[in-house]
Structures are given as structure tokens and as C-alpha cells.
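What follows is calculated from the coordinates using simple rules that are stated; it is not laboratory data. Quick caveat: nothing in here was measured; it's all calculated off a predicted structure. Counting neighbours? That spans all protein chains shown, and the Cβs are built from the backbone with ideal geometry, glycine included.
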Amino acid sequence: MITIIGAGPVGCYAASLLAEDFEVAVFEEHSQVGLPVQCTGILTQEIYDYFPRRNNSVLNQVNNVRIFAPDKKSLKLQLEKPDLIVDRQKFDTYFYNQARKKGVKFYFSYRFMGIKDSKILVKDLNSGKTKSIKFDYLIGADGPLSPVAKAAGIFKNRKFFIGVQAVIKKKNSNIIDFYPFKHGFGWAVPENKSILRVGVAATTNPKEHFARLLKRYKGKIVTRQGGLIPVFNPAAIVRKANIFLIGDAAGFVKATTGGGIIPGLRSAQILAHSLKYNLSYEAGLYLHLYPSLWANLKMRKAMDDFSEQEWSQLVKDLNSAKARKALQSINRDEIFSLLFKLGSSKPSLAKYGLKHLRSFF
């Protein structure tokens, strides 16, 4: 029996893959899939490796991106492949339905309470009763504060961005705005031409950064959301005996943008393959996931070394035709290719890498 804690897209995708070879049960604290929403819902085209092109969860496609410098000047890019804006509840429900079709058993309104003698303790939030359930493998897909990781004694050395977001009514030009800054970043993402998702993720003073950003987008606030976004740590322990962590629970999030859905789905894929063929989960991660996450982490550290003047100059330098062409032609998730193309298109950009080289070691 494989027991998964957490019925988000990563937990459901893992369940769907594992159900081909194992009996799988998923326990979820909330009463339904996809709520509460704590995500911007912006994805690159790489999501189609895990998700059908014909679906009802894509709300919008955006070809244009603006990157703003502290001096308020911006770099505008037209992407070759548009970014996708999804309805998270519908998106999550797709993965849930796929798992259910394969025979996965779901238990909603059950809170994970701990581990005792190769059994999980879960509390039925409707009856108030606690049950113990035997498992062969336990998978934590239970978010940044992972109770599974804590119960297993492997929740250590964790760092987080604090994310704050508002959905506002605001007419817009269907452009994604991105605001990188020291120890964080901000965004404005169009759900459609009259709704924006505006937010920040920061390690310090998130409310101040958020208040400043909201002033740029004056509109009626429909909803507010917030949550923790893990900072990837390659030294984090993601397995202890027959207990495994995937997705946000393992900290598998891109440090440059806070994107965790695609790395999370990839980690589920790696774990399912490892359990099916009795292979090392960690080895699979090192080969197929960590290189990209590591590059994003090092770029984040380099970004945090930048002064406001350097940020403004970088945006100015990137405004050359060759640099823009390189940026527009690459998937945001392909960080190594992005760095190589930028360096090849405009050698003067190497000065930023040389100055901040220490961040990469």
C-alpha cells in the first residue's frame, strides 16, 4: 500500500502514475480538490508534457512580458510560445480525476497527525476520530510546511519566500509584468482583459513590497491570497527509509520565479519510476531535476547581490535586439540555455556573471 498525504496536482499525479503498479490511497485535509487557491497559476508550455492541450482550465494565453527595473524602465518581450494562465481548481481537478479513474482511493477531510509503528495517524475532521493506517510507502505531497517531513524528522534547514497576492478588477493589455528585486520578486498576471493577479514573494517586508506594487495597479480587490513559497535547498533530505517527499514538501521550487508546479510534477514522475523499478529516488532527482533547480537557485543568489543601479543597467543592456531575441526564443524553465544564449548574443552581459561569480559556488 502506498499512502500519499496531499491531493494537490503533484500528489494526484504521483497517485495516478503509481496506481498502474500499486494500491494507492490519498488523504487530504480539505473537503475538496483545488481549494484554497494559493498560486498565481502561470505556467510555461512545458506543462503539456503532463497535461492535455485540450482542457477547460486554461483561462488565458499571454505572449507579451515586461520586466521592470527599479528606475521604472522596462524590457518588453514577445514570447515565441505563450505562457498559460490556469484556473487552479479546474487544473487540480484534472489530475484528481485521472487518479480516480485509475482506482486511487481518496479520503477528504482527513488530517495527517503523525507516524507510529509503520502506520499513519489521521484524524477524520467530520467525526473527530483518529485512525491508524498501515503503509508500505508514505509520500508527503503536503505543501511547504509538510507535516510528513516533520513527523519523519527531516524538516530541516528550510527557507521560504512569503507570498501575498490579490485578484483585482483592472482593465489591462494582456501583458505579464515582472518586477525582480533584492530578496524577492513581484508580478501582475492577466487572468483576462479585466482581471489581474497582482502579488509579491519576498523573504523580508512582503507587505511593504505588496503595498507598493498595488499602487501601480489601482483596481477593486476581489480576493486576497497568501502562503509560503519554499526556497530550494539541494542539501535538504527528501527521503527517510520508506518515506518520501515530493513537490513543495521537498522544496522543489524555482528560486527565480517561485514556480513549483512543473518541478513538482517532475519529482512525482521520478519517484513513481524509482518505486516501480526499485531505483534510487535521490539519484533520479540529481540527474533529472536538481540541475535546473540549482541553476535557478544560483541565479537567485546572483540577483540578490545586484544593486538597484545594476538592475537598471541590466534591463537597459537586455534591451538590445540580439538579447531580446534570445530571451524571446527560450522557455523560461530552460535556465542553462537561457544563460548561454544571452552570453552568445551580447558578450557585454558577461560582466554581470563575472562580477557575481561567487554566487554560483
(message) Taking 8 Å as the Cα distance limit and 6 or more residues as the minimum spacing, I'd like the relative contact order of region 25-80 as a percentage.
(response) 20 percent
(request) Please build a GNM for the chain, connecting alpha carbons under 10 Å apart, and tell me which residue among 139, 47, 243 fluctuates the most. (result) 47
(request) Identify, among 178, 192, 206, the residue whose Cα sits farthest towards the positive end of the charge dipole of region 163-207, taking +1 on the Cβ of Lys and Arg and -1 on the Cβ of Asp and Glu, with the dipole about the Cα centre. (result) 192
(message) For Cα pairs less than 8 Å apart in space and 6+ apart in sequence, what is the mean separation divided by the residue count of the chain, i.e. the relative contact order in percent?
(response) 19 percent
(message) Please list, by residue number, every one of the trypsin sites (Lys or Arg not before Pro) in region 186-218 that is coil in DSSP and has at most 16 other beta-carbon atoms within 10 Å.
(response) 193, 218
(message) Given a Förster distance of 41 Å, report the FRET efficiency between residue 126 and residue 182 from their Cβ-Cβ distance, rounded to the nearest 0.05.
(response) 0.35
(request) Any chance you could run the full-extension gain for residue 304 through residue 288? It's 0.36 nm times the residue separation minus the Cα-Cα distance, nm to one decimal. (result) 3.1 nm
(request) Name all residues of region 162-182 having a backbone nitrogen under 13 Å from the label point set 7 Å from the Cα of residue 220 along its Cα→Cβ direction, giving them as ranges. (result) 168-171
(message) Need one number: nm distance between label points at residue 31 and residue 113, each 7 Å from Cα along Cα→Cβ, rounded to one decimal.
(response) 2.1 nm
(request) On a C-alpha basis, how far is the centre of region 98-155 from the centre of region 4-36 in Å? Whole number, if you could? (result) 10 Å
(request) Among the trypsin sites (Lys or Arg not before Pro) in region 61-143, which ones are in a DSSP loop with at most 15 other Cβ atoms within 10 Å of the Cβ? Mind listing them? (result) 72, 73, 102, 129
(request) State the label only: which of [x] 24.9, 80; [y] 23.9, 81; [z] 20.8, 65 corresponds to Rg and Dmax of the Cα atoms in Å computed from the shown model? (result) [z]
(request) First measure r as the distance between the Cβ atoms of residue 278 and residue 207, then evaluate 1/(1 + (r/R0)^6) with R0 = 41 Å and state the FRET efficiency to the nearest 0.05. (result) 0.30
(message) With the crude spin-label approximation of a point 7 Å out along Cα→Cβ, what separation in nm comes out for residue 240 versus residue 97?
(response) 3.8 nm
(request) Give, rounded to the nearest 20 debye, the magnitude of the charge dipole that the chain has about its Cα centre when Lys and Arg contribute +1 at Cβ and Asp and Glu contribute -1 at Cβ. (result) 1100 debye
(message) Output wanted: per-residue J couplings in Hz (rounded whole) for region 164-178, from phi through Karplus 6.51 cos²θ - 1.76 cosθ + 1.60, θ = phi - 60°, x for Gly and Pro.
(response) 9, 9, 10, 9, 10, 7, 7, 5, 8, 9, 6, 10, 7, 9, 10
(message) Of all beta bridges DSSP finds with both residues in the chain, what is the antiparallel percent, to the nearest 5?
(response) 75 percent
(message) Could you compute how fast region 29-169 diffuses translationally, taking Rh as the Kirkwood radius over C-alpha pairs and applying Stokes-Einstein at 20 °C with viscosity 1.002 mPa s? Give it in µm² per second.
(response) 115 µm²/s
(message) Need the C-alpha centroid separation for region 171-243 versus region 248-315, integer Å.
(response) 17 Å
(request) Work out the FRET efficiency for residue 48 and residue 171 from their Cβ-Cβ distance, taking R0 = 51 Å, and round it to the nearest 0.05. (result) 0.95
(message) I need the phi-derived Karplus couplings for region 94-105: 6.51 cos²θ - 1.76 cosθ + 1.60, θ = phi - 60°, integer Hz, Gly and Pro marked x.
(response) 4, 5, 4, 5, 4, 5, 4, 4, 8, x, 5, 8
